[in-house]
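Enquirer: Quick one: the structure is below, questions incoming.
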Amino acid sequence: MRRWLAVVMLLTGLVPVAADAHKFYVSLTTVEHNTAEQSLEITMRLFADDLEAAVARETGKPLTHGQPGFEAAVFAVVRRALTVRQADGQPLTLAWVGLENKVDVTWVYVEAPRVPSTTGFTLRDTIFTDLFPEQVNMVHVKDARGRRAIDFRGGDSFKPF
Amino acid sequence: MTRYTASVVAFVLAIVTPAFAQPQGAPPDKFRQLEEILPTPNEQRTASGAPGRAYWQQRADYDIDVTLDDVKQRITGKETVTYYNQSPDPLTYLWLQLDQNLFRKDSDTALTAPAPSLERPTFETLDTLVNRDFDGGFQIAAVTDATGKPLPHTIVKTMMRIDLAAPLAPGKSVVFGVAWSYNINDAKRLGGRSGYEFFPKDGNYIYEIAQWFPRLAAYNDVSGWQHKQFLGSGEFTLEFGNYKVRITAPNDHVVGATGVLQNPQAVLTAAQLQRLEQAKTASAPVLVVTPAEAKAAEAGKATGTKTWVFHAENVRDFAFASSRKFIWDAQGHRSGTQPVLAMSYYPNEGNPLWAQYSTAAIIHTLNLYSRYSFDYPYPIAISVNGPVGGMEYPMICFNGPRPEPDGTYTARTKYALISVVIHEVGHNYFPMIVNTDERQWTWMDEGINSFLQFLAEQEWEDNYPSRRGEPKNMVEYMTAPGHDPIMTNSESVKELGNNAYGKPATALNILRETVMGRELFDFAFREYSRRWKFKRPMPADFFRTMEDASAIDLDWFWHGWFYTTDHTDLSLDDVRHFTLNTKNPETEKTLQRQQQTAAPTTLSAERYRDTPKLVEQNPALADFYNRFDPLAVTPADREEYQKVLGALTDKEKALIGSNKNFYVMRFSNVGGLVMPIILKLDYVDGTSEELRIPAEIWRRDASKVSKLVITDKVLSQVTLDPKLETADTDLSNNFFPRKPVMTRFQLFKQQQQTTPNPMQQLERKPGTDAPRPQGPGQ
Ligand SMILES: [Zn+2]
């Protein structure tokens, strides 16, 4: 019954919010398979203010770039939002590489070592979808099979590589 | 670089062989003329892209009384509209836009919204989903004719049809009235291009009021009635007209609006009047309402109402802002012969940023945009701080960025404010004056405006952190499979920011810097702006004018950048080096010896080099051939050469002796988009030069081309697009000889390995020296 109620509320749900002419809820993640290093190199381009909102939610206190604990909190946000599963369904362990701030954009770098092939992989990128109903996450995959783009909205499940 | 020596004859043959055979399978002609896609020119819109001799547009004048209810957050208004039918068609009904109906619970926007994520929803998300208590949308109280008699009308979602008693003939006008009210949305909670913001700290509101009155839908030669329903993304297309608006607000509010205040004596204090007068000739913003006065007003309550009267001429819309929290600054400016008052309205929460930057950014914008289009024709230009992140209306715009509550601010907030003020004030030119149809084509105002915004930002300070405009910033979007062409309707575009703002802004920047050159582009762009000032251009009018004024065929550019999703990825496949065979034995045999020496020694040859050989131990086995050097110049060689020389004219001798290097470069087009080929030629002597080849090199074969480059000096390196001006998406094939190109990830990682990251610097626990190998939380 509870489940059914939720569905009704969504059908009549409001959300005309995208009205703000210049705020777009979009992230872009590049997932590149480095065949020489046998690693999956992941670069996320996130709006810095969205990331700070997610960090505040994660840690329960406002933190900004450069403050102690910020990178750890960003990593927690990213690990919760971005999951890459191997062919057997096991998630890859992501290792922290670092982040870079460019005024209104933050670049986040993580990688998964020891990935000989991406065959049968699936992934999901839900970053910020819990904060913004209009959030769209674009993922560009580059591997031996070429380039592909996958987009995720709130509620989307795993999609094949 | 591969080196070839070719005889003169063979070389000449290689040139005359037809190099541009069309590949089989008829690939698309990237230079196909656009005429077959664009609408046929007519008396309203000419083939040159200008308004035709029979161009027409409608006009609507408004006379409005409106009351702002600060207790119930409600707007109540009545308007008398005079609608002038300047079309050649009789009209039996009129269509009006009811944009507030977007906020009705049964609006198409609400019904078609995608499901949000229900994983870990925030309280704010749950609140907007569950507590859907906002009763939005217009309540239409009356629609009457000029005598007050009710007119039949039908509401269709965000549109309303008014049926006229008799058809409105061409050249005639009709007067009618509408009375309405609506509840103002909480813009912080529900979003929207207008609305209120509540400040719990002092119990006050800021109102940014727009799309607040029933407005005439556009009727034009291209769409007929433009009454495509408002779903939230496609903004507005409206008719020009004159406005007389009387705004009744609490008597302690400060009101800013589209238009000139007609009754300053009735609504301002003597001190404010005097400051406003002083501002007109000031060289820095003058505070008409000071921060202290705004603070004092916040603590008080209204004792009645005041009515502010504004008149605006030749505008396509009208918006206003009202609050007792407003600080108000003003500075006089002149655009051509037009005196302008640049003004900002903001609460104390907007400082320190707003006092320093808002009005300064308005004036910078007017200066820059006027230089590229036309003088600003209005007497007022306003920037308001409130709940709306960024939204434009004639003479007034709403801009969101604010410092932190503690009075500090980040660089991000500072540049966000300057950028959004430039952008929104810039919209006065596009689309408020060059009146494009935003409901149909977002790029025509957002793309063109984002392009000029980039120019304004680059003239604000060195290395201004512009988000859009640089070609390299568009590379990720343009390689995304499944993205939309720019020529996609506003409501259907998936990534509006990249599609309608970023990509067209980048395209225009490339057109200006790389394809047309600044002088030709600026002339043509100014011509487009001038032709369509206070008129309604369509995409074809822009495309045609830019060609018409520049004599540059741009159909390939419009086609590739606006109608397709091709991207730039040119590849420099190889470079072959040819030199002339001089027939001079001294030169040629020396060259051959050099090549022989440079050839690799095989492993076996190397290992046998020092092994004693039989012929050396037993000289009786040696003969002529053991002593013969085939590369030694013989008297017979010299004689032969003299014979060849004797047969040549002086001109031919000079040509052969010119010592030129011939480089044949082969390119392929991987991304599909044809673009100019920009080359940097580095020579072995350390010098370099640039070679710019127009896109027309691709006109017969858009997938493979070759180019001959003749030089005196020997090349060491050729680089394609060395200054990243074409949005080339794959740089790894831009070098010959090839150079490794690192991804952003690899560059970052390499740089991280050399310097400890901030975490390692800041968070290293006392007593431990080793940086953690796995990063945080592992
Ligand atoms: Zn805009």
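The values are calculated or read from the model by the stated rules, or taken from the named source; none is laboratory data. Keep in mind it's a predicted model, so treat the numbers as computed, not measured. Reconstructed Cβ throughout: ideal geometry from the backbone, glycine too, with neighbour counts over all protein chains shown. Side chains included, ligands, DNA and RNA excluded: accessible areas come from the protein's heavy atoms. Shrake-Rupley method; radii C 1.70, N 1.55, O 1.52, S 1.80 Å.
Enquirer: Please work out if B:Y369 is within 19 Å of the chain's Cα centre (by Cα), in a helix (DSSP H, G or I) and more than 16 Å from the ligand (Cβ to nearest atom).
Expert: Spelling it out, it is not the case that B:Y369 is within 19 Å of the chain's Cα centre (by Cα), in a helix (DSSP H, G or I) and more than 16 Å from the ligand (Cβ to nearest atom).
Enquirer: Condition (residue is open to solvent by 50 Å² or more (accessible area, probe 1.4 Å) and within 12 Å of another protein chain (Cβ to nearest Cβ)) applied to the stretch B:451-463: is it met by at least one residue? Spell out how you get there, then give the answer.
Expert: Within the stretch B:451-463, the subset open to solvent by 50 Å² or more (accessible area, probe 1.4 Å) is B:458-463.
Restricting the remaining residues to those that are within 12 Å of another protein chain (Cβ to nearest Cβ) gives B:463.
Yes: the stretch B:451-463 contains one or more residues that are open to solvent by 50 Å² or more (accessible area, probe 1.4 Å) and within 12 Å of another protein chain (Cβ to nearest Cβ).
Enquirer: Kindly indicate whether B:A257 is open to solvent by less than 40 Å² (accessible area, probe 1.4 Å), among the hydrophobic types (A, V, I, L, M, F, W, C) and within 26 Å of B:D70 (Cβ to Cβ).
Expert: yes
Enquirer: Within the stretch B:736-744, can one find any residue that is away from chain A (no Cβ under 14 Å) and touching a strand residue (DSSP E or B) at 6+ places or on another chain (Cβ under 6 Å)? Please lay out each step first, then the result.
Expert: Within the stretch B:736-744, the first condition is being away from chain A (no Cβ under 14 Å), and the residues that meet it are B:736-739.
Checking which are touching a strand residue (DSSP E or B) at 6+ places or on another chain (Cβ under 6 Å) leaves us with B:736.
Looking for residues that are away from chain A (no Cβ under 14 Å) and touching a strand residue (DSSP E or B) at 6+ places or on another chain (Cβ under 6 Å), one finds at least one in the stretch B:736-744, hence yes.
This table checks each residue for (1) assigned to a helix (DSSP H, G or I); (2) at pLDDT 95 or above; (3) of a type outside the set (D, E, K, R); (4) assigned by TED's automatic domain parsing to the domain that holds B:F320.
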{"residue": "B:A360", "(1), (2), (3), (4)": "yes, yes, yes, yes"}
{"residue": "B:H364", "(1), (2), (3), (4)": "yes, yes, yes, yes"}
{"residue": "B:Y376", "(1), (2), (3), (4)": "no, yes, yes, yes"}
{"residue": "B:P387", "(1), (2), (3), (4)": "no, yes, yes, yes"}
{"residue": "B:E404", "(1), (2), (3), (4)": "no, no, no, yes"}
{"residue": "B:G447", "(1), (2), (3), (4)": "yes, yes, yes, no"}
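Enquirer: Any idea how many residues of the stretch B:413-445 are part of a loop (DSSP other than H, G, I, E, B), in contact with a strand residue (DSSP E or B) (Cβ under 9 Å, 6 or more places away or on another chain) and within 13 Å of another protein chain (Cβ to nearest Cβ)?
Expert: The qualifying residues number 2.
Enquirer: Another one. Going through the stretch B:439-461 one residue at a time, which ones are among the polar types (S, T, N, Q), away from the ligand (no atom under 13 Å from the Cβ) and touching a residue at least 24 places away in the same chain (Cβ under 8 Å)?
Expert: Scanning the stretch B:439-461 gives a single hit, B:Q440.
Enquirer: Here is a further query. Which condition number does B:L679 fail, the rest of (1) outside any strand (DSSP E or B); (2) over 23 Å from B:G469 (Cβ atoms) being met?
Expert: B:L679 satisfies every listed condition except (1).
Enquirer: Please find, among B:D650, B:D629, B:D701, B:D637, the residue that is acidic (D, E) and closer than 27 Å to B:R738 by Cα.
Expert: B:D701
Enquirer: Can you name the residue in the stretch B:474-488 that is more than 7 Å from chain A (Cβ to nearest Cβ) and either open to solvent by less than 30 Å² (accessible area, probe 1.4 Å) or not in a loop (DSSP other than H, G, I, E, B) (or both) and, of all such residues, is farthest from B:D569 (Cα to Cα)?
Expert: Here the residue is B:T488.
Enquirer: Next question, about the same structure. In the stretch B:462-483, what count of residues is obtained for those that are of a type outside the set (D, E, K, R) and in contact with a helix residue (DSSP H, G or I) (Cβ under 8 Å, 6 or more places away or on another chain)?
Expert: 10
Enquirer: Which of the residues spanning the stretch B:490-514 are away from chain A (no Cβ under 14 Å) and open to solvent by less than 30 Å² (accessible area, probe 1.4 Å)?
Expert: Hits for the stretch B:490-514 are B:P504, B:T506, B:A507, B:L508, B:N509, B:I510, B:L511, B:R512, B:T514.
Enquirer: Can you tell me which residue is nearest to B:H227 (Cα to Cα) among those in the stretch B:118-141 that are hydrophobic (A, V, I, L, M, F, W, C) and free of Cβ contacts under 8 Å to residues at least 40 places away in the same chain?
Expert: B:L129
To keep it simple, each residue is scored yes or no on (1) over 60 Å from the mean Cα position of the chain (by Cα); (2) farther than 30 Å from B:W443 by Cα.
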residue: B:Y528; (1), (2): no, no
residue: B:R531; (1), (2): no, no
residue: B:P539; (1), (2): no, no
residue: B:Q595; (1), (2): no, yes
residue: B:D623; (1), (2): yes, yes
residue: B:L631; (1), (2): yes, yes
residue: B:D637; (1), (2): yes, yes
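Enquirer: Related question: Taking B:E519 and the conditions (1) in contact (Cβ under 8 Å) with a residue 24 or more places away in the chain; (2) surrounded by fewer than 17 Cβ atoms within 10 Å (Cβ to Cβ), which numbered condition does it fall short on, given that it satisfies the others?
Expert: All conditions pass for B:E519, except number (1).
Enquirer: Could you check the stretch B:202-222 and list, in sequence order, the residues that are part of a loop (DSSP other than H, G, I, E, B) and either within 14 Å of chain A (Cβ to nearest Cβ) or modelled with pLDDT under 95 (or both)?
Expert: From the stretch B:202-222, those part of a loop (DSSP other than H, G, I, E, B) are B:202-203, B:210-214, B:217, B:221-222; that's our starting set.
Those that are part of a loop (DSSP other than H, G, I, E, B) and either within 14 Å of chain A (Cβ to nearest Cβ) or modelled with pLDDT under 95 (or both): B:A210, B:Q211.
Enquirer: Please name all residue pairs, on different chains or six or more residues apart, with Cβ atoms under 6 Å, provided the first residue is in the stretch A:138-161 and is more than 9 Å from chain B (Cβ to nearest Cβ) and the second residue is surrounded by fewer than 16 Cβ atoms within 10 Å (Cβ to Cβ) and not aliphatic (A, V, I, L, M).
Expert: These pairs meet every condition: A:I150/A:K159.
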